[in-house]
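Taken together, the values in this text are just the output of simple stated rules run on the coordinates, not laboratory data. Note that the structure is a prediction, hence the values are computed from the model and not measured. No Cβ is skipped: glycine too gets one built from the backbone with ideal geometry, and neighbour counts run over all protein chains shown.
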Number of protein chains: 2
Amino acid sequence: MEEIEALWREARELSLGNSGGVERLDSPPTPLQFLRDFVSPNKPCVISNATLHWTALSSWSDDSYLTRTLSSAHVSVHLTPNGRADALVPLNSDELGSSSSSSLCFASAHVIRMPFPEALNLIVNPNSTKYVAYAQQQNDCFRSEYSALAPDCEAHIPWATEALGCLPEAVNLWIGNHLSETSFHKDHYENLYAVVSGEKHFLLLPPTDVHRMYICDYPAAHYSYSQDTGELTLEAEKPARYVPWCSVSPYPSPETKDTQMSKFPLYFNGPKPFECTVKAGEILYLPSMWFHHVRQSPDAGGRTIAINYWYDMQFDIKYAYFNFLQSIHCQSTHSRTLPETVSEDSDLESD
Amino acid sequence: MEEIEALWREARELSLGNSGGVERLDSPPTPLQFLRDFVSPNKPCVISNATLHWTALSSWSDDSYLTRTLSSAHVSVHLTPNGRADALVPLNSDELGSSSSSSLCFASAHVIRMPFPEALNLIVNPNSTKYVAYAQQQNDCFRSEYSALAPDCEAHIPWATEALGCLPEAVNLWIGNHLSETSFHKDHYENLYAVVSGEKHFLLLPPTDVHRMYICDYPAAHYSYSQDTGELTLEAEKPARYVPWCSVSPYPSPETKDTQMSKFPLYFNGPKPFECTVKAGEILYLPSMWFHHVRQSPDAGGRTIAINYWYDMQFDIKYAYFNFLQSIHCQSTHSRTLPETVSEDSDLESD
């Protein structure tokens, strides 16, 4: 563990900085600068004035523009009781056939397709339902479901495309309200995350901090919507399927803070995560393999809108080093420290 | 150890290749290609037709051109008994005050400055002396001692300079004969190694293979030249100073092969080193932190001439990962496996 903690420190001292802040650029970098100063060292940055020429920055603030342009579009909407999809929540043991009273599972949203105007109405009127709606689908949805919006922004980020030597593998649109939150996870992509309206609040941890996430296998479950009650119920997948996921929730409620801190000391007692708020017109470069947790603030119309561009990452020596680091993790600290059940005061559903 | 061996394999499978060969380019890459495909993934390559416009490629084959141009230059020459500077050789224990009969030390050359024509004469007539001369000094010597040759080649490698965003920190000239050999070591620089005449034969190991080098602290010693005898004698530094150095010599003589293989099984039983020959007109990109061993073949005039450009490396997440890997090494396999003495049949002076 001593060597691993030295790695956390050294990554910060050499390259990432100790302030907990993310480097900011006033304008887009050249492809060479972007590759040399950020992609190659696997270091995030926020770029201001990155999308000044996108008409989306003004037109998408207008609900009537969106509903008119997407009047005939059917879009994917993720429904959850509280805004948290792909999150850890308690599930009755009956569901899993285990003897413990309450176990955590990995809960996926109920996904439905509906006409866009209906989806937007659910998002901007969160109190009208017993669930939270988040229009998103990480399957290149911007280039399919939302193709009518293509003229309002760019099909790719030119300086990133030139630097990375390829077009984006997927472009995803996200329209949600202040309730939607994404739990800590990592992606195997170089990510250019452009906020169009509202603000996104990121917590970031470098891949060198993988132990601090307490990644563990959780049984998969999904929400299911009942037309009768208008409510979502959680159902375990059968046969059981297990998903490795980060155990740490970074904002525990006051009542559960002590429990969470003693369960996840490497997270709570280690270096602070990197923190940044990305505003409309700004782009976050979120490097491949970085753990990220996302919350959002809405615009005046109650929506947060963002597009992210996923570019293929290089599976190079950095990735080999990461896998080595994680393999050390499994043998030493993993099995001893991972929580298997949630105590009664768990706030995983409500923090 | 199992995880570390998996790292060696994965670095090769993902990025470096399993052939043991080094990727070859027919012409210089663009700065973006170089940065994206080689520097960022820390991957070597050999570039052909890289210096076609250098007049050095023809004029430096001519001894009289060199002695005329450098007639008034004084240059640094490294003298060793056998062509090996910065190598491990046995030293009598008396010198070190230890009780063992024969210990290895880290032996540096005797460095003298002499008029260039005299140095060249020593290099091309190796049988005229009891020592081997190698005109080299890794202190930016090309831009100082050899400045009269500057018009014959380039002050920097343009596509590398643009990619790395800086000019070379040092440019070194190397003029030697077939006897000179450089033992396994690594440098904290991005290295562009241009062969001008003759050939250089490299063995390369990625930084992920650090355990296979059996790096150990050796007492420093240096050769000292006696005018009386015309011979070099080895003297331990006093007070003692210790230099961490790779223990592995890759070409053991037939008699010592078994001993060497049993002492350094991780090297001899692991994946083969990457191997390449760099010819006149070609440039090797030798990535920072790669272990390299160098031998050379002479041109028709008996000389091998090369220039290397050292560019500052980025001390980023890759470097932090390397230090972490090396720290694991120290605790687990290092102390158990490192040789402290050399057996009588050691071939370290003669292989």
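Semi-axis lengths, largest first, of the ellipsoid equivalent to chain B are 31, 29, 17 Å, with √(5λ) applied to each eigenvalue of the Cα gyration tensor. Computed about the Cα centre, the dipole magnitude for the range B:2-326 is approximately 220 debye when only Lys and Arg (+1) and Asp and Glu (-1) carry charge, each at its Cβ. Sorted shortest first, the separations between the A:Leu167 label point and its copies elsewhere in the assembly read 4.2 nm; each point sits 7 Å from Cα along the Cα-to-Cβ line.
Under 5 Å from the amide H of A:Asn82 lie the amide H atoms of A:Val132, each residue being 5 or more positions distant or on a separate chain, with H modelled from the backbone and absent for Pro and chain starts.
What is the magnitude of the charge dipole of the range A:114-209 about its Cα centre, with +1 placed on the Cβ of each Lys and Arg, -1 on the Cβ of each Asp and Glu, and no other charges, expressed in debye to the nearest 20? Write down the numbers at each step before the final one.
Working: 4 positive and 12 negative charges, 64 e Å.
Value, rounded to 20: 300 debye.
Across chain B, C-alpha contacts under 8 Å between residues 6 or more apart give a mean separation that, scaled by the residue count, equals a relative contact order of 26 percent.
With distances taken between every two different alpha-carbon atoms, the range A:277-316 has a Kirkwood hydrodynamic radius of 12.5 Å. Springs between Cα atoms under 10 Å define the GNM used for chain A, and in it the highest mean-square fluctuation of A:Gly20, A:Gly230, A:Gly176 occurs at A:Gly230. Site pair B:Lys238 and A:Glu5 shows an inter-label distance of 4.4 nm when each label is modelled 7 Å from Cα along Cα→Cβ.
What are the membrane-span-like helices in chain B by this rule: whole DSSP H runs, Cα extent along the axis at least 15 Å, mean Kyte-Doolittle hydropathy at least -1.0?
Helices meeting the span and hydropathy rule in chain B are B:317-329.
Using only the C-alpha atoms, the convex hull of the range B:159-237 corresponds to 181 Å³ per residue. Working note: 222 nm ellipticity from helices only, DSSP H runs with n ≥ 4, each -39,500 (n - 2.57), summed and divided by the residues of the protein assembly as shown, gives -5000 deg cm²/dmol to the nearest 500. Each residue of the range A:142-149 is assigned a 3J(HN,Hα), and the resulting list reads 5, 8, 10, 4, 10, 4, 5, 8 Hz, derived from the Karplus form 6.51 cos²θ - 1.76 cosθ + 1.60 (θ = phi - 60°), x at Gly and Pro.
Assign one of three labels to the range B:102-153, namely rounded, prolate or oblate, based on the Cα gyration tensor with a ≥ b ≥ c the square roots of its eigenvalues; rounded applies when a/c is under 1.5, prolate when it is not and a/b is larger than b/c, and oblate otherwise. The shape class here is oblate. Over chain A, with a Gaussian network built from C-alpha contacts below 10 Å, which listed residue (A:Ile123, A:Ile283, A:Ile317) shows the highest mean-square fluctuation? Looking only at A:Ile123, A:Ile283, A:Ile317, the biggest GNM fluctuation is shown by A:Ile317. Computed 3J(HN,Hα) for the range A:260-268, one whole-Hz value per residue from the Karplus formula 6.51 cos²θ - 1.76 cosθ + 1.60 where θ = phi - 60°, is 5, 5, 7, 6, 10, x, 5, 6, 6, glycine and proline marked x. Just name one of B:Tyr242, B:Tyr189, B:Ala85: the one whose Cα is farthest towards the positive end of the charge dipole of the range B:2-326 (beta-carbon charges, Lys/Arg +1, Asp/Glu -1). Of the options given, the answer is B:Ala85. Considering all different alpha carbon pairs of the range A:101-243, the Kirkwood hydrodynamic radius works out to 18.1 Å. Residues considered: B:Ile307, B:Ile157, B:Ile328. Largest GNM mean-square fluctuation over chain B, using C-alpha springs under 10 Å, is found at B:Ile328.
Each listed q (0.05, 0.12 Å⁻¹) maps to a log10 I(q)/I(0) for the protein assembly as shown from the Debye sum over equal C-alpha point scatterers, namely -0.33, -1.27. Please compute, over every Cα-Cα pair in the range B:180-312, the percentage with a separation greater than 19 angstrom. Beyond 19 Å sits 61 percent of the P(r) for the range B:180-312.
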